[in-house]
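Take a look at the structure below.
We did not get these values from a lab; they are worked out from the coordinates using the rules stated. Everything numeric in this text was worked out from a predicted model, so none of it was measured. In this analysis, Cβ positions are derived from the backbone assuming ideal geometry, glycine residues included, and neighbour counts consider all displayed protein chains.
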Amino acid sequence: MLNFFSDTYYLFLKYLKLTWRMPMWTFFGLIQPLIWLLIYGQLFKGLSMLPKFPTKDYVQFLTPGVIIMTVLFGASWSGVSLLRDLRHGVMEKLLVAPIIRSSIVFSRLLHNGFTVVIQVFMLVIVAALIGAGLPRGQGLFWVWVIILLLAVGFSAISNALAMFLKEEEPLVVIGNMLTLPLLFFSPALVPADFMPKWMQVASRFNPVTYGVEAVRACYEGVFVQSFWTSMGILFFFAGLSVFFAVMTFQKAE
Amino acid sequence: MIQIDHLIKEFDPGSGIRAIDDISFNVSQGEVFGFLGPNGAGKTTTIKILTTLLQPTMGEVTVAGYNVTDDPLGVRMSFGYIGQQSGVDPALTVSENMMLQGRLYHLPKKKIEERIETLLQLFDMQGRGGQWVGSLSGGLKRRLDIVTALIHEPKLLILDEPTTGLDPKSRSDLWAYLRRLNKEEGMTLFLTTHHLEEVDQLADRVGILDSGRIRVIGTPDELKDSLGHDAIHLKLTVAIDNKMLSTFREKEWFKEVIQHGEEIRLYLEKGQEYLSKVIQWLTELGLSAKSVLLARPTFDDVYLKYTGKNWLLAGETAEDEWGNNKWAQKWKKKGDTSESESGSDWEGGGGNGEDWKKWAGQEDSTGSDEQKSKAVQTEDASANSIQSPDNEDQPWKKWGDQANTEWAASDEKGSDQKWPESDETSKADGQKDKPSGKN
Ligand SMILES: Nc1ncnc2c1ncn2[C@@H]1O[C@H](COP(=O)(O)OP(=O)(O)OP(=O)(O)O)[C@@H](O)[C@H]1O
Ligand SMILES: [Mg+2]
């Protein structure tokens, strides 16, 4: 057990070092969410004039969605960087070392969560500057938990897929194919009421939905039953994905 | 140190397609064991099983006393591994890589720092601790791979094609380091390679692997001796066919007859004595030679003998598979140069037997076999190339036609005869069996 923590720690430190040395990647990950926030936010400004629209300002509505978008994009890169390790033989070297193999997974997920938190932090500041406000009360705490859970969950899936596919191209294609629909089948960009009924139903099976709703609750400062349900579902989703990823690594050949 | 007992690996269990097809052998402490084989032979697969990256489908594999299936963690503690790809992180420095490696083997920081210093010194890399791995040359990077793998003081080093992609200088440097590790530290080395020279230079024992089977195991000398003391490389004015080959094979003089491209290689004892007889015999058969070369068998020849089956029978596919392989290209080049060299020598007039004898006497005590045969081809080529009488008006074909029916019958036998032999040796491997040539 002690080994598990030390293995995870030293690997996490290594990944952190790599990120620290190539900070550009962290910023690149922010470009697309910023475009959404700044440009689409303006483009669809009129949306908030519609009757039944939940917020006065579309940017206010959009910010939680874009936060989750950042998490998704960031997490889907995690698998790609795993392939880098595979290609250089770094992974093989880890797999023949007498470490607890799940520490490879955990260090990667922690690192990804950490990077995404930094990205979101910068995004939250930009959003605040253009009038989206800040999370309120205990929301200031919970919002990071939500982000961490979703980041860990999705990067676990990305890592498992990478381990399974072993090729960069299909991984990127699948990553792209999944992230946008996941966003569209959620209330990230438009309120759930605006979606056709069948999409509303489908969105209930999408972890992104719960992430968006929970972050929105943080911004509103309203922590009622539905918030805690969302949190529970996010915990469950993260746990399941991590379990799945650990299993693929245990069997890794 | 390593015991492999009837190991079988099927990537797709139940498919019957075996990447490793029932191999058994042992590597003892302090030994350098070289695993030689073409692409796809199963070298990496074997190594992955030894290093617990893959599970055996069947069979027992023990490394340093630990069973790879039952105690993978014990196995992992006991060896250092240098994979086919580098494995050090290019975005970290030399010492950061080594520090991380030490941490992953759960050594205390102090100990790791000591090891880093000792190892960098041992591999002449002092002062490079702070250097980016990405900025290291190929040879240095490979050295770093070894250094990193040694951090936890293993007694066994497993290397998968350690010198592939290195220039000749870096390669021989690396050999020197490995040899020193073995001699001075008593390190057991298990390495795979495409380079015949590499096993010749390093290995105490060599296993030749082809299509997942061990064709033969022995010391480099044993393997070379299995071919007889000398080799005659023969290029004829007509195309080689199976009938011709079996004629050669049936001749009692030769221990082994192998076709290599346009060349027939005849392996025999006392090549000098027989050289003139062979040429005379060729004349009797109505054949004429474009070039004749007397050489010591090298690992090229040994390799050809034991994996040549691939080369000959699966001609096209083998070419394709090996087309973009450095090793194959190197070999091709070798063939080309010797061709052009001997070609030009012919113009300069055929040598004579006396010169040849002189050469043999001079060279006998010098250098490795590899060097010797190079000397044959370059410095003294005219002396040992002997032109046979020009017999072009008696084409081989005519002679072949006469005996057509006879040859057709013995044809298949001829080629079959040879290979089961090596199958036998592969079954009886494990013990140091000396392969029996064709005697
Ligand atoms: N993961 C895998 N799944 C299925 N087949 C595989 C796998 N890895 C290797 N093989 C097959 O097993 C055989 C042996 O491959 P292996 O990599 O061990 O060869 P090798 O001797 O190391 O060759 P090389 O010189 O190219 O490194 C090949 O036919 C290869 O196609
Ligand atoms: Mg290989």
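Would you tell me the mean number of C-beta atoms belonging to other protein chains that fall within 10 Å of each C-beta in B:102-110, as a whole number?
Details: counts 1, 9, 14, 3, 8, 0, 0, 0, 0.
Average neighbour count from other chains, rounded to a whole number: 4.
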Query raised in the report: Dividing the alpha-carbon Rg of region B:75-189 by 2.2 N^0.38 Å yields what?
Result: 0.97
Requested in this report: Can you put B:L50, A:L50, A:L183 in order of Cβ neighbours within 10 angstrom, beginning with the fewest?
Outcome: A:L50, A:L183, B:L50
Query raised in the report: Tell me, what ³J(HN,Hα) does each residue in region A:190-205 have, in order and in whole Hz, if you take phi through Karplus 6.51 cos²θ - 1.76 cosθ + 1.60 with θ = phi - 60° and put x for Gly and Pro?
Result: 10, x, 4, 4, 7, 7, x, 3, 4, 6, 4, 5, 4, 5, 5, 9
Query raised in the report: Rg and Dmax of region B:128-221, using alpha carbons, in Å: what are they?
Result: 14.3, 46
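Which whole number gives the average, over all residues in A:7-15, of C-beta atoms from other chains lying within 10 Å of the residue C-beta? Mind dumping the intermediate values first?
Details: counts 3, 0, 1, 7, 3, 0, 2, 9, 0.
Mean partner-chain Cβ count within 10 Å for A:7-15: 3.
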Requested in this report: Two decimals is fine: what's Rg over Rh for region B:3-154, C-alpha atoms, Kirkwood radius as Rh?
Outcome: 1.02
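Rounded to two decimals, what is Rg over Rh for chain A when you use alpha-carbon atoms and the Kirkwood radius?
Values: Rg = 18.5 Å, Rh = 18.7 Å.
Here Rg/Rh amounts to 0.99.
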Query raised in the report: So what is log10(I(q)/I(0)) for region A:111-253 at q = 0.09, 0.16, 0.17 1/Å, when the Debye sum runs over its Cα atoms only?
Result: -0.31, -0.95, -1.05
Report summary line: Along region B:57-64, Karplus-curve 3J(HN,Hα) (6.51, -1.76, 1.60; θ = phi - 60°) to the nearest Hz, with x for Gly and Pro, reads 6, 8, x, 10, 10, 10, 10, 6
Report summary line: Least to most buried among B:E114, B:E252, by other C-beta atoms within 10 Å and fewest first, runs B:E252, B:E114
Query raised in the report: Running Debye on region A:1-109 with equal point scatterers at the Cα sites and no solvent, what base-10 log of I(q)/I(0) appears at q = 0.11 Å⁻¹?
Result: -0.53
Query raised in the report: At q = 0.15, 0.21, 0.29, 0.33 Å⁻¹, what log₁₀ I(q)/I(0) does a Debye calculation on the Cα points of region B:40-87 give, no solvent, two decimals?
Result: -0.37, -0.70, -1.15, -1.32
Report summary line: Largest fluctuation, A:V66, A:V212, A:V145 only, Gaussian network model of chain A with Cα springs under 10 angstrom, belongs to A:V145
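In what order do B:Y267, B:Y66, A:Y40 fall by count of nearby beta-carbon atoms within 10 Å, going from fewest to most?
On the way: B:Y267 25, B:Y66 19, A:Y40 16.
Starting with the residue having the fewest Cβ neighbours, the order is A:Y40, B:Y66, B:Y267.
Using a 10 Å cut-off around each Cβ of peptide B:81-94, what is the average number of partner chain Cβ atoms that fall inside? Mind dumping the intermediate values first?
Numbers: counts 6, 2, 8, 2, 8, 6, 9, 4, 9, 3, 9, 5, 1, 0.
What the average comes to for B:81-94 is 5.
Using the Kyte-Doolittle scale, find the helices of chain A whose mean hydropathy is at least -1.0 and whose Cα atoms extend 18 Å or more along the helix's long axis, counting only whole DSSP H runs. Let's see the in-between values first.
Numbers: long enough: A:2-21 (29 Å, 0.05); A:58-87 (44 Å, 0.98); A:102-129 (40 Å, 1.77); A:139-165 (38 Å, 2.17); A:168-184 (24 Å, 1.28); A:207-220 (20 Å, 0.14); A:225-250 (38 Å, 1.35).
Answer set is A:2-21, A:58-87, A:102-129, A:139-165, A:168-184, A:207-220, A:225-250.
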